[in-house]
Amino acid sequence: MFTLTRVEEAMTKGTERERTTGEEPSAGGRPERESRETVGTVTVENPRMVCRGVNVFYGDKQAIRNVSIDIGRNEVLAMIGPSGCGKSTFIRCLNRMNDTIEGCRVTGEILLDGVNIYDRKVDVVPLRAQVGMVFQKPNPFPKSVYENVAYGPRIHGLARDRTELDRIVETALRKAGLWEEVKDRLNEPGTGLSGGQQQRLCIARTIAVNPEIILMDEPCSALDPIATSVIEDLIFELRTQYSICIVTHSMQQAARVSQRTAYFHLGDLIEVGPTERIFTNPRHPLTQDYITGRFG
Amino acid sequence: MSPIVLLGVLLLLSAAAYHVGRRKAFAMAGAGGRAVRLHSRPTYHGALVALWCALPALLLFGLWLSFENAIVTRMVLERLPESLRSQPPDRLNLLVNDIRNIAAGHFDAAAAEPAIREAAAAYQRLRGLSRQALSAAVIALAALVAVFVRRRLRPSLRARNHVEGILTALLVACSTIAIFTTLGIVLSVVYEAVLFFRIIPFWEFLFGLNWSPQMAIRADQVGASGAFGAVPVFLGTALISAIAMTVAVPIGLMSAIYLSEYAGKTFRSIAKPLIEILAGIPTVVYGFFAALTVAPFVRDLGAVFGLGVASESALAAGVVMGIMIIPFVCSLSDDFINAVPQALRDGAYSLGATRSETIRRVILPAALPGIMGGILLAVSRAIGETMIVVMAAGLAANLTVNPLKAVTTVTVQIVTLLIGDQEFDSPKTLAAFALGLVLFVVTLVLNVIALYIVRRYREQYE
Ligand SMILES: Nc1ncnc2c1ncn2[C@@H]1O[C@H](COP(=O)(O)OP(=O)(O)OP(=O)(O)O)[C@@H](O)[C@H]1O
Ligand SMILES: [Mg+2]
């Protein structure tokens, strides 16, 4: 297991490196420094989503620098990197969840099936139904377990009657590996579940609306190995139809579930490539440091 | 020494006591504060000495001042000549007042009788004496106790526990003050109400349909039936409150939703204070707004539709009261909506919910306990509101639910029953206490219901 202290050490190392390369101090709003060039091929054939030159600012602070990456069909893209490097920030751009954060500004292009999702004409509501998201912190609604999962199908009118809705709810809960635990307490509040159960409830809630792209921000950080493997099975299954982006701090998990891996560092996309290649033969020194836990 | 100065001296004394206690504790601890292990830190030793210095002295101070007046007065009266002393009690009271006023320099002493002048001088002298004695006693007590406690300080003394015990006792005393005040008020209202119910049967008051509290002073007086059936009054209150809530809840809630979920930062920063200004307008101003602007408007509007509207109508009063309550509902709801975590909104949005779906299905249910609390608070405001109704709804106790007629409310009746000259034991005056009791019980029940709803909701969702 990769320990947090090591990650932090890696980060401070990174900062030191920057200082020695003598970057200019930031001037309000403009990029603090040039972005690093990404190592590896960012494009894929016949992509589902295409990101080009994405910058994200929180007020004057830049959290993502000039990131370009494609997300393929039927592929799982893992995003790894030290804490605070902007993984959550980037993944939230992909379904415009950053719109709800005051002072957050996104520039650059993000295309979904060739349409820029940041275009004025794009309606975020269907976009988010299409690009679902599981958050880093579980956020069940203060409603019953059943209502939590039924919420999405209800607002999108996915079920004709109650039996169909029941079926959708059960299927989603089964896929998230939660059904056995909650089938007798469907009417109890979702907020009364344990942290890991809540996280799986949020996963069930997301897949109940059948999104075509699923963004998962550390979905397994609160789960035990058994629940984790259930979620990983779910990811395998979902991949046959959909595209998935998953942020994870577990290298093993990234290696198990993903086809491509992207390594972020302090807001830069450092390296992208097939997962196997990244883990066996990282090219960028920062990636090497992070993957191997070797510092120097 | 005047009492204020004495209090200041006492404060200085206890500050000194604190330092003395702390110094001693440091000394006990020995070199570098390490040699001997103290049970409590030196500050607690200091605090213990300071508390013991101040509290008994304060107690003495309070007791002394509360009995001083009675004792001094009694002593002065005893010196008066027999002719003055043997008056009936109420005359004697006036005399005592005269003496005190002369002593305080409010009256011209030269105009008074020599005996009274003498008494005033005696009063002044005695009181001065008492104050000196008080100063001496308080300072001596404070110093003595402080010295005594300081000498009892030991390294093993559980000073922290003692200090915390004293503080807890102080807190308990403060909270019981609130409880006893409430209890006292309730008991006095109940007492007067019981006197009333001795004259007018309880059931007649509660379920009688006729309210005209004018009691005949002479047997041959006209228009003085003295009927105390309170139903029209309750109904009037309910009617006006209902109208007020119909105005206030939708407008308040919707403006809260707009402010917290839709409005931009600039609009919000301007609109919210403006709405809150509504809460700062004195109710009298609302009252004449209702009586002079809204009531005639309602009447004229009724005339257009061929409806006969009384010039003092429940509708006008209710609408204006509703406007008055809007900021309560709006401000509280806005706070509770804002308190709903952003993560919940994100969760709903990420499922492709629209703004209104998110608000209806996620935010409002999550904020509901707070909103209910706000609404019930507003209801008790409405029930207790007096000024607007006095000015706009009239005094006629009509048994009606027609908002276009004039009605009256509990608070208005209490006001009218108690103004003017009357004996304090006539049923007319006592009726005010009975009404007050009912008002109190209703508000209490409302609050209990509100708490119950909120608690149930909490259990379900947190
Ligand atoms: N709402 C916000 N306002 C301002 N700055 C933010 C906000 N959210 C994130 N940031 C900053 O953006 C940077 C990237 O944060 P982000 O949450 O994307 O990191 P992360 O890679 O997801 O980290 P972790 O692995 O710990 O979840 C951090 O420096 C953080 O301080
Ligand atoms: Mg994150």
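If you go through segment B:97-126 and pick out every residue that is crowded, with 17+ Cβ neighbours inside 10 Å and modelled with pLDDT of 80 or more, you end up with 12. Taking (1) within 16 Å of ligand 2 (Cβ to nearest atom); (2) away from every other protein chain (no Cβ under 14 Å) in turn, residue A:70 satisfies each apart from (1). The residues of segment A:99-122 that are away from chain B (no Cβ under 14 Å), part of a loop (DSSP other than H, G, I, E, B) and surrounded by 15 or more Cβ atoms within 10 Å (Cβ to Cβ) amount to a single one, A:118.
Considering only segment A:83-98, how many residues are charged (D, E, K, R), away from every other protein chain (no Cβ under 14 Å) and more than 8 Å from ligand 2 (Cβ to nearest atom)? The number of residues fulfilling the criteria is 0.
Can you say whether residue B:394 is outside any loop (DSSP other than H, G, I, E, B) and in the same structural domain as residue B:246 (by TED's automatic domain parsing), as far as the supplied structure shows? So residue B:394 does not fit the description; no. Sub-6 Å Cβ pairs linking a first residue in segment A:148-164 that is within 20 Å of residue B:353 (Cβ to Cβ) and at the interface with chain B (Cβ under 8 Å from one of its Cβ atoms) to a second residue that is among the acidic types (Asp, Glu) and surrounded by 10 or more Cβ atoms within 10 Å (Cβ to Cβ), at least 6 apart or interchain, are A:155/B:357, ordered by first then second residue.
Where helices (runs of 4 or more DSSP H) sit wholly within segment B:230-328, those with at least 3 residues that are over 25 Å from the mean Cα position of the chain (by Cα) occupy B:231-257, B:265-280, B:295-304. Can you name every residue in segment B:128-167 that is farther than 27 Å from residue B:28 by Cβ and either of a type in the set (D, E, K, R) or in contact with a strand residue (DSSP E or B) (Cβ under 6 Å, 6 or more places away or on another chain) (or both)? The answer is B:131, and nothing else. Is it true that some residue in segment B:58-75 is of a type in the set (D, E, K, R) and closer than 23 Å to residue B:145 by Cα? No: segment B:58-75 contains no residue that is of a type in the set (D, E, K, R) and closer than 23 Å to residue B:145 by Cα.
Just to be sure, is residue A:192 more than 16 Å from ligand 2 (Cβ to nearest atom) and away from every other protein chain (no Cβ under 14 Å)? Judged against the criteria, residue A:192 is not a match. When segment A:123-142 is filtered for residues that are away from ligand 1 (no atom under 16 Å from the Cβ) and more than 7 Å from chain B (Cβ to nearest Cβ), the ones remaining, listed by number, are A:123, A:124, A:127, A:130, A:131, A:140. Taking every residue in segment B:105-122 that is closer than 15 Å to residue B:76 by Cα and pairing it with any residue that is outside any helix (DSSP H, G or I) and at pLDDT below 75, at least 6 positions away or on another chain, yields no pair with a Cβ-Cβ distance below 7 Å.
Considering segment B:332-363 alone, what residues qualify as being assigned to a loop (DSSP other than H, G, I, E, B) and either more than 10 Å from chain A (Cβ to nearest Cβ) or at negative phi (or both)? B:340, B:341, B:351, B:353, B:354 - these are the residues of segment B:332-363 that are assigned to a loop (DSSP other than H, G, I, E, B) and either more than 10 Å from chain A (Cβ to nearest Cβ) or at negative phi (or both). Scanning segment A:101-124 for residues that are within 16 Å of ligand 2 (Cβ to nearest atom) and closer than 20 Å to residue A:63 by Cα turns up at least one hit. Can you run down the residue pairs with Cβ atoms below 9 Å, 6 or more apart or on separate chains, where the first is in segment B:279-293 and in the same structural domain as residue B:316 (by TED's automatic domain parsing) and without any contact (Cβ under 8 Å) to a residue 60 or more places away in the chain and the partner is of a type in the set (Lys, Arg) and in a helix (DSSP H, G or I)? So the pair list comes out empty. Applying the criterion of being closer than 24 Å to residue A:165 by Cα and of a type in the set (S, T, N, Q) to the residues of segment A:201-226, the residue that is farthest from the other protein chains (Cβ to nearest Cβ) is A:210.
Pairing residues of segment A:217-232 that are crowded, with 18+ Cβ neighbours inside 10 Å with residues that are among the acidic types (Asp, Glu) and assigned to a loop (DSSP other than H, G, I, E, B), at Cβ distances under 9 Å and at least 6 apart in sequence or on separate chains, gives no pairs at all.
Scanning segment A:252-268 for residues being crowded, with 24+ Cβ neighbours inside 10 Å and at positive phi gives a total of 1.
The values are calculated or read from the model by the stated rules, or taken from the named source; none is laboratory data. All of these numbers come straight from a predicted model, not from anything done at the bench. Note that we place each Cβ from the backbone using ideal geometry, even for glycine, and neighbour counts take in every protein chain shown.
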